[in-house]
Amino acid sequence: MFNRQHAGGLLTIDLHAIRSNWQFLSSRLSSSSICAAVVKADAYGLGAIKVAPALAKAGCKHFFVAHIHEAFLLKPHLPIDAFLYVLHGPPPGTEKDMADNGLIPVLNTLSQVYGWASLARVTNKSLPAILQFDTGMSRLGLSLEEINVLADDPSKLQGIDVRYTMSHLTAAELQEHPSNEAQLTLFNQLRSKIQNAPATLANSSGVFLGSNYHFDLVRPGAALYGVAPVIGMVNPMKQVIRLQARVIQTRHIEIGTGVGYGSTWKASSPTNIATLSVGYADGYFRALSNHSVAYFNGIPLKLIGNVSMDTMIIDIGNLPDNAIGPGDMVDLINENHTIDDVANNAKTIAYEVLTNLGSRYYREYIGD
Ligand SMILES: *Cc1c(COP(=O)(O)O)cnc(C)c1O
């Protein structure tokens with residue numbers, strides 16, 4: 001049994017906001033371009049089996065996960081006509097598992113291409129796939145030399161139904177970054193070497209680089225979940241999560257009293273403090289020690305001392321006495337204090353904040 005009352009923290013996930021974000025991104029595309037949804041890593045920690053069906057209801061038909069196992073878990077929750085792509089492609093020997101389950105691999109290496117083509121020949125079927133090109137990230141995808149091997153002998157692709165050619169942008173959140181245009185140019189060159197397949201390049205941030213970057217399909221993840229897609233621009237996405245932590249104990253402390261491991265914070269005047277039952281094991285990073293804030297009825301309360309594994313401490317001295325007590329909830333993430341704010345204070349990115357939200361929160365889905 002696990003209910004709201006048992007939870008040290010409450011994570012509320014707004015499926016309506018996720019759908020609105022998808023619709024907003026879709027509305028930026030021309031009619032020839034489709035908006036997919038990236039739901040890898042359990043929809044960036046928010047629960048793929050909730051998020052993906054909610055998006056499907058809004059009209060999303062194309063879904064990306066990273067691992068074949070993620071695809072197996074998600075597939076039963078998707079409409080029968082949805083397309084489910086696996087970014088890492090088939091690990092060697094899993095081609096048949098993938099094909100039997102109707103999954104569409106992203107083929108990143110020549111050996112993945114040959115494995116998929118060979119299964120197609122053996123089974124005498126045309127097998128769908130995405131062909132990924134490396135245009136500057138040096139992470140996944142075929143190099144120019146490898147693409148030339150396929151271009152010089154098209155029979156090597158025989159049996160593969162290339163649904164899209166694909167690449168991935170390295171710095172799309174920085175609109176002036178020179179690599180955006182360089183990658184776009186190279187992608188167009190590489191595409192021209194392979195049969196006339198549709199193409200996909202843009203992640204969330206890429207959607208905001210202009211229609212040249214949209215091609216036939218865009219692949220947003222982060223922006224769906226409320227992450228700011230463009231650095232230096234007001235975030236146009238809807239806030240998706242609210243994270244609340246429960247107060248376990250409050251106390252009055254005198255001047256000079258140390259707080260938390262190592263006493264990295266000491267009271268410079270008498271104050272009241274509260275201990276919350278969320279810590280770094282819940283993904284509230286230790287790097288946030290002395291660098292974060294919680295909210296109670298819109299009033300900011302500083303995080304003081306080091307974040308512990310299961311707890312952290314806030315200064316509630318600016319609230320009236322007894323305004324807050326055991327069992328009350330304070331907001332750690334909300335529209336005043338976003339995932340991007342938390343990320344900045346922890347010197348990381350909102351993607352990492354989302355994907356670290358722990359399994360101890362009681363999760364409530366609203367807006368379905
Ligand atoms: C994760 C990922 C995406 C989604 O990127 P966001 O920045 O979260 O929108 C798109 N394409 C590929 C290949 C990815 O790995």
>> What's the number of the only condition in (1) more than 16 Å from the ligand (Cβ to nearest atom); (2) of a type outside the set (Lys, Arg); (3) on the phi < 0 side of the Ramachandran plot that Thr348 fails to meet?
In response: (1)
>> Every residue in the stretch 43-62 that is within 16 Å of the ligand (Cβ to nearest atom) and either hydrophobic (A, V, I, L, M, F, W, C) or surrounded by fewer than 17 Cβ atoms within 10 Å (Cβ to Cβ) (or both), please.
In response: Ala43, Leu46, Ala48, Val51, Ala52, Leu55, Cys60
>> Condition first: surrounded by 13 or more Cβ atoms within 10 Å (Cβ to Cβ) and within 16 Å of the ligand (Cβ to nearest atom). Can you find one or more residues in the stretch 242-264 that meet it?
In response: no
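If you check Val113 against the conditions, is it away from the ligand (no atom under 16 Å from the Cβ), open to solvent by less than 10 Å² (accessible area, probe 1.4 Å), over 17 Å from Leu201 (Cα atoms) and in contact (Cβ under 8 Å) with a residue 24 or more places away in the chain?
Details: away from the ligand (no atom under 16 Å from the Cβ): yes; open to solvent by less than 10 Å² (accessible area, probe 1.4 Å): yes; over 17 Å from Leu201 (Cα atoms): yes; in contact (Cβ under 8 Å) with a residue 24 or more places away in the chain: yes.
Yes; evaluated as a whole, the condition is true for this residue.
Condition check ((1) basic (Lys, Arg); (2) outside any strand (DSSP E or B); (3) under 17 Å from Lys50 (Cα atoms)) across all residues:
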| position | (1), (2), (3) |
| --- | --- |
| Glu70 | no, yes, yes |
| Leu74 | no, yes, yes |
| Ile80 | no, yes, yes |
| Tyr85 | no, no, no |
| Pro91 | no, yes, no |
| Gly102 | no, yes, no |
| Val106 | no, no, no |
| Ala120 | no, yes, no |
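The values are calculated or read from the model by the stated rules, or taken from the named source; none is laboratory data. Computed from a predicted model, the values in this text were never measured in an experiment. Methodologically, a virtual Cβ is constructed for each residue, glycine included, from the backbone with ideal geometry; neighbour enumeration extends over all protein chains shown. Just so you know, the surface numbers come from the protein's heavy atoms only, side chains and all, with ligands and any DNA or RNA stripped out. Shrake-Rupley method; radii C 1.70, N 1.55, O 1.52, S 1.80 Å.
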